[in-house]
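As structure tokens, the structure follows; a few thoughts come after it.
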Amino acid sequence: MRRFNAYRISETDGQVSARLVELGIEDLDPGEVLIRNSYSSVNYKDALAATGTGRIVRRFPVIGGIDVAGTVVTSDDTRFREGEAVLVTGYGMGVAHDGGYAEYSRVPADWVVPLPQGMNPAEAMAVGTAGFTAALAIMRMEQNGLKPVNGPVVVTGASGGVGSVAVDLLAGLGYEVTAISGKDSQHEYLRHLGATQVLSRHTLEMGKKPLEKTLWAGAVDPVGGEMLAWLTRTMKQDGTIANFGLTAGVELHTTVMPFILRGVSLLGIDSVQCSMELRRRIWERLASDMRPRHLKEMTRTIHFEQLPETFGALLKGMIKGRVVVKIQD
Ligand SMILES: NC(=O)c1ccc[n+]([C@@H]2O[C@H](COP(=O)([O-])OP(=O)(O)OC[C@H]3O[C@@H](n4cnc5c(N)ncnc54)[C@H](OP(=O)(O)O)[C@@H]3O)[C@@H](O)[C@H]2O)c1
């Protein structure tokens, strides 16, 4: 088989760098399923990994890209056959196992999800880990009792990848959505995705009391830090917060008061090790009743060469929506 392009992350003298290299299939990490990749995507974690901003790469060198969609070339596992359209997100992809920023990936069969009916590889990667996480967060909140009649749901970091999909999905499910964003230029975009109210992150009155005026029945939070602390103080009785991110910081300064006096739940969301049974159910829903309605408007497509500038902009919080990487037809 011919040699192919891959965007590989390396470390030399403690310095992390990433560049395009030419590899052969024999250079890829082992796995039962060889995939010819057509699309990947850019998530916050991809930017942390490739720039060395977060020390999250567990083995160097590694091909970046936590998501991939493509077609099975060969499979040593009977669950998959040649020509089948598949996707992989999370697990060790792009951090401990060669990921999706390459023309081919070789992965354990246990990580592979058949592409759901009615979704093409480009759409699957427009959803990607970000959209999958938004759906997982909403499903977990609903299991915890969240319903549209309970009251408004707030989405923080709303113009980002997970935030954009969360606003779209929640509005599609009939929730009244408030979007909080640091991008004052994107309020119209967020209303178009389905937010009924958009608040500027820069002018929020957060207060300091352990319990502030109740505002939200649910909260989808990619941001963490002071934003998450404020959410705990403003949840309604029995409200549910789903946190999975840290763009504003990893620390959480709050009190137990919202938990013991208002019955507030704080759910942790992990898309990486999510069980295969739940993973498949979520992807099926993302292709049917939970299908994002504005994927096209929230997605931009780039090529390998644009990865470095995209990572830089993402880490500065400047990217709107989702970024898909086109690898090959
Ligand atoms: N646990 C998991 O399984 C999982 C899965 C997916 C993502 N995540 C995490 O979720 C977070 C978001 O991921 P993403 O791919 O959606 O990233 P993203 O596209 O960069 O979106 C993050 C958004 O957060 C907001 N933001 C940035 N810096 C901020 C700051 N200092 N204070 C407050 N808000 C800030 C910005 O939105 P506005 O300008 O609109 O405010 C930004 O667009 C990341 O921390 C990522 O690691 C975790």
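Within segment 190-207, how many residues turn out to be touching an Asp or Glu at 6+ places or on another chain (Cβ under 8 Å) and within 10 Å of the ligand (Cβ to nearest atom)?
So the answer is 2.
Checking G54 against (1) open to solvent by less than 20 Å² (accessible area, probe 1.4 Å); (2) small (G, A, S); (3) modelled with pLDDT of 95 or more, which single condition isn't satisfied?
(3)
Out of curiosity, is A229 more than 14 Å from A137 (Cβ to Cβ) and open to solvent by less than 30 Å² (accessible area, probe 1.4 Å)? Write out each step before concluding.
Working: more than 14 Å from A137 (Cβ to Cβ): yes; open to solvent by less than 30 Å² (accessible area, probe 1.4 Å): yes.
Spelling it out, A229 is indeed more than 14 Å from A137 (Cβ to Cβ) and open to solvent by less than 30 Å² (accessible area, probe 1.4 Å).
Please identify the pairs in which a residue from segment 303-326 that is at negative phi and open to solvent by 10 Å² or more (accessible area, probe 1.4 Å) has its Cβ atom under 6 Å from the Cβ atom of a residue that is near the ligand (Cβ under 8 Å from one of its atoms) and assigned to a loop (DSSP other than H, G, I, E, B), counting only partners at least 6 apart or on another chain.
A313/I319; K320/S159
Which residues, taken from segment 283-298, are within 18 Å of I66 (Cβ to Cβ) and either at pLDDT below 95 or within 12 Å of the ligand (Cβ to nearest atom) (or both)?
Passing the criteria: none in range.
Select, from G160, G224, the only residue that is surrounded by fewer than 24 Cβ atoms within 10 Å (Cβ to Cβ), closer than 28 Å to V324 by Cα, near the ligand (Cβ under 8 Å from one of its atoms) and within 18 Å of the chain's Cα centre (by Cα). Please lay out each step first, then the result.
On the way: G160 fails: surrounded by fewer than 24 Cβ atoms within 10 Å (Cβ to Cβ).
Within the list G160, G224, the selection yields G224.
If I filter segment 237-264 down to residues being surrounded by 19 or more Cβ atoms within 10 Å (Cβ to Cβ) and part of a strand (DSSP E or B), which single residue comes out as farthest from the ligand (Cβ to nearest atom)?
Out of the qualifying residues, it is G239.
One line per residue, one yes/no per condition, for (1) within 12 Å of the ligand (Cβ to nearest atom); (2) farther than 22 Å from L295 by Cα:
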| position | (1), (2) |
| --- | --- |
| E123 | no, no |
| V127 | yes, no |
| F132 | yes, no |
| A135 | yes, no |
| I138 | no, no |
| Q143 | no, yes |
| V149 | no, yes |
| V155 | yes, no |
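L278 - would you say it is within 12 Å of the ligand (Cβ to nearest atom) and in a helix (DSSP H, G or I)?
In short, no.
In segment 139-154, which residue that is closer than 30 Å to G65 by Cβ and in contact with a strand residue (DSSP E or B) (Cβ under 7 Å, 6 or more places away or on another chain) is least open to solvent (accessible area, probe 1.4 Å)?
Taking the candidates together, the pick is M141.
Can you find a residue in segment 176-188 that is in contact with a Phe, Trp or Tyr (Cβ under 8 Å, 6 or more places away or on another chain), modelled with pLDDT of 95 or more and open to solvent by less than 10 Å² (accessible area, probe 1.4 Å)?
There is at least one residue in segment 176-188 that is in contact with a Phe, Trp or Tyr (Cβ under 8 Å, 6 or more places away or on another chain), modelled with pLDDT of 95 or more and open to solvent by less than 10 Å² (accessible area, probe 1.4 Å).
Quick check on this structure: which one of G90, G64 is at positive phi, surrounded by 16 or more Cβ atoms within 10 Å (Cβ to Cβ) and under 17 Å from the mean Cα position of the chain (by Cα)?
G90
The values are calculated or read from the model by the stated rules, or taken from the named source; none is laboratory data. Every value quoted in this text rests on a predicted model; they were computed, and no experiment measured them. FYI the Cβ positions are ideal-geometry reconstructions off the backbone, even for glycines, and counts take in every protein chain you see. Quick note on the areas: whole protein, heavy atoms, side chains included, nothing else; ligands and nucleic acids left out. Shrake-Rupley method; radii C 1.70, N 1.55, O 1.52, S 1.80 Å.
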